[in-house]
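Just so it is clear, none of the values below were taken in a lab; they were calculated from the coordinates. Only a predicted model underlies this, so the values are computations on that prediction, with no experimental measurement involved. Using ideal geometry, Cβ is built from the backbone for each residue, glycine included, and neighbour counts are taken over all protein chains shown.
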Amino acid sequence: MDSDTANMVAHWSKALKASDREAFKNIFNHFYAMLLAYASRILESREAAKDVVQEAFITLWNHRDTVDPDRSIKSLLYRIVYTRCLNQIRDRRLVGFDEENYENLMGSENSEPDIMNENMGIQELLEKIVSRLPERQREALLLSRQEGLTHDEIADIMECKPATVNNHITGAMKNLRVYLKDMNIEGYQ
Amino acid sequence: MKNEKYFIPADIERWISEQDPEDQEIYRKLWLETGELPASAPDVSEDELNEAYAAVSSILFEDSNQNKPEYRGTNSELTGRSQLYYWAAAAVLTIAASLGYMLYITGSIDVNAAYGEQVSYVFTDGSSVDLNSGSSISFRRSFSSSVRHVTLNGEAFFEIGEDSRPFIVETHNAMVKVMGTSFNVRSRQDQAEDETSVVISDGEVEFYPRARPDNSVLLKPGQLSRLKELSERPTEPEEATVERFLAWRQGGLFFNDQPLELIFSEIERRFDARIEANPEAIQNQRFSVLYSRPESAERVLRDICEENMLTMNVIGENQFEIY
């Protein structure tokens, strides 16, 4: 976020606290697409992600008076979405997820390891390997590298200390490095 | 701290500099490569954005006197305008369903936050409630024309919209009556505690035993009152640090000089944990705890046990033995 955008968001957060619906709408329009992208990746379903993101905004409005204007509304929204996605995934496991209820399933996590071959580009390969990292490591790494969030913001979202975020990310890097080395990928031997 | 794609944050750089010299360049390269991972950004058309906003705003900003249509189990016959309402109802439902669950039985609705979960729910009049772990509310599907009545079992924070009808929260031993305000009610009835306590963050609240509406106390913002078991009258209002009583809404854990037994019960609810504590070992022990964001039951229990010279063993996933 450049500083103009940051100022704008800070301004909306203040107005939101004063129940300004226009500010709420601006926040919605500004963050909806990125949150949808984020939730879609975790849930692997755009339809399920839509529900989660909409709920997140409802929660934001219902808690507008407790929003801390000095803290990032962006990481607050990401945190709500992240928590709810994890809950959904857990609930799916509990009840047996009925795939027919959700269109646009963006490929399933279980389509196992036919995935890797030497002809893949490094990016494609990285994507596959990243998806096999331990959950907290993957989440921290992707929030940092894909969503472009700071350690502090990620700590807020994952409800841990910034130092822990650093550990997750460096742990992920170490794992990636081992994978790439084992696979004899050029430049990583 | 900026996090541009090609910028290596100080913490990461420090870590890299501690690695094997021949690995350092590889890690820098890896950092840049991971920054190129394609963001999964789906395109969102303007129509789609407007539709999503309409769904959300119809839930939040709908005229509170307007009746919502009945929720139906299938959406096959829903079209046009009612489709939008269906969306709204579905989204509200998912809020409850995603965390707890909701039961539609004749005219009555239950919203339940299981152990390890917290649930938010928006009533048809726009008022809302946050339920702490191991808590539930039940109420009639549509509030009556004279009163908005909710039964609470557990702990909840209510934000009540102003309306001509009073809003009444009924607990196992007390009634809390308000017009428009926000407040926290805690009503636990188990071995460790048997009381209802109310803390006000905004507005005014009447608080009285179920059977004795004449013995009410009037609570103002920042005030706390308790009603023990079957006592005839709530305690006189006292000043309280409201944020601490509401800490649970932000994931916090706060206890001021409470029996360990009560604290353990709350940790069980919050983290969906099982704690087997030797009653003799924790008998008559009281403790104060303030965590703004506890990371796990184990962490909190370790701290508590260390302070109280107790021994803790992990005996299973989120299961602990304390003596």
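Key figures
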read-out: Relative contact order, percent, segment A:142-189 [alpha-carbon distance under 8 Å, six or more residues apart]; value: 19
read-out: Surface/4 of the Cα convex hull for segment A:1-72, nm²; value: 4.8
read-out: With 10 Å bins from 0: P(r) over segment B:100-245, alpha-carbon pairs, percent; value: 12, 44, 37, 7, 0
read-out: Violating pairs (Cα-Cα greater than 24 angstrom) within the set A:K161/B:K29; A:K74/A:K128; A:K17/A:K161; A:K25/A:K50; A:K17/A:K74; A:K161/A:K181; value: A:K161/B:K29; A:K74/A:K128; A:K17/A:K161; A:K161/A:K181
read-out: Within straight-line cross-link reach of B:K220, aspartates and glutamates at Cα separation under 17 Å, skipping those fewer than 8 residues along the same chain; value: B:E159, B:E162, B:D202, B:E204, B:E206, B:E236, B:E238, B:E239, B:E243
read-out: In order through segment A:9-26: 3J(HN,Hα) via Karplus (6.51 cos²θ - 1.76 cosθ + 1.60), integer Hz, x for Gly, Pro; value: 4, 4, 5, 4, 4, 4, 5, 4, 4, 8, 6, 7, 5, 4, 4, 4, 5, 4
read-out: For B:S135, residues with placed amide H under 5 Å, excluding near neighbours; value: B:A113
read-out: Estimated vicinal HN-Hα couplings, Hz - segment B:241-258 in sequence order (Karplus 6.51, -1.76, 1.60; Gly, Pro = x); value: 7, 4, 3, 5, 6, 9, 3, 4, 5, 9, x, x, 9, 9, 9, 10, 6, 10
read-out: q = 0.18 Å⁻¹: log10 I(q)/I(0) that the Debye formula gives for segment B:195-299, counting C-alpha atoms only; value: -0.99
read-out: Nearest-0.05 FRET efficiency for B:A192 and B:E317, computed from C-beta distance (R0 25 Å); value: 0.60
